[in-house]
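Quick notes on the structure that follows.
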Amino acid sequence: MTNPSAETAIHLLSRAFSAFDESVQSPGAMRPRLLNEKEPLALDVATLSLIRGVSELRISCGVMKNDKDKVQLSAVEDHNGILTIRGGGPRRDWNGIHYKQGMSAKNVGTTKLSANIATIPPGGVAAAHIHVGFELILYIIEGKVRHEFGPGLKQVLENEVGDFIYIKPGVPHEVFNMSDTEPVVAFVARSSAAEWDDIIPYDRNQPA
């Protein structure tokens, strides 16, 4: 059950975020808003910290399930230059998606990429979010998936088995399993070794 006090804190932080956005007037400042696709997503340190604070509160009050940092180091075999994880490793959950352990800086010491196998359960939804400063490629192994994306999540794209999907940095999106009986399974590769650490939640109702 959602904690009312946490919900109040989220509301206050969201209001603070809006106030901060309105207060940024200096020419060199980076406004905490989505830019068009020709410009990168620019966030200053204070704003990113604020958004991450909202995200952590969402997690703590049950809005987003999160055990993403439960990395099992013992699953990694190091063969002096080649490392492997048999069977993909144990499952972790984040934002409505089940992930196999995968590889990242957290367990094999990558510096520029991470990868997992992601499963969205039947009827599941990966809540709206933004990838800050990294690219992502998906390959659909099973199922059919719908992305609602862009400002306000007003654009729609559907994909199925055998499709590749590339998501640019800074594009807000929400991911839906289109089936109520079958999972969506996808290979996920990111140009970030930090996995989900540079992902922030997105509200489809926020002003553009």
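Consider a paramagnetic label point 7 Å from the Cα of residue 137 along Cα→Cβ; state which residues of the range 150-193 have an amide N under 16 Å from it. The answer is 162-169, 186-193, whose backbone nitrogens lie closer than 16 Å to the label point. Distance between the modelled labels on residue 112 and residue 78, one decimal in nanometres: 2.2 nm (7 Å Cα→Cβ projection).
Lysine pair count for the range 73-201 with Cα-Cα distance under 26 Å and sequence separation of 8 or more or different chains is 8.
Throughout, read-outs are computed from the coordinates displayed, never taken from laboratory work. Please read all numbers here as calculations on a predicted model, not as lab measurements. Here the Cβ is made from the backbone with ideal geometry for all residues, glycine too, and neighbour counts use every protein chain on show.
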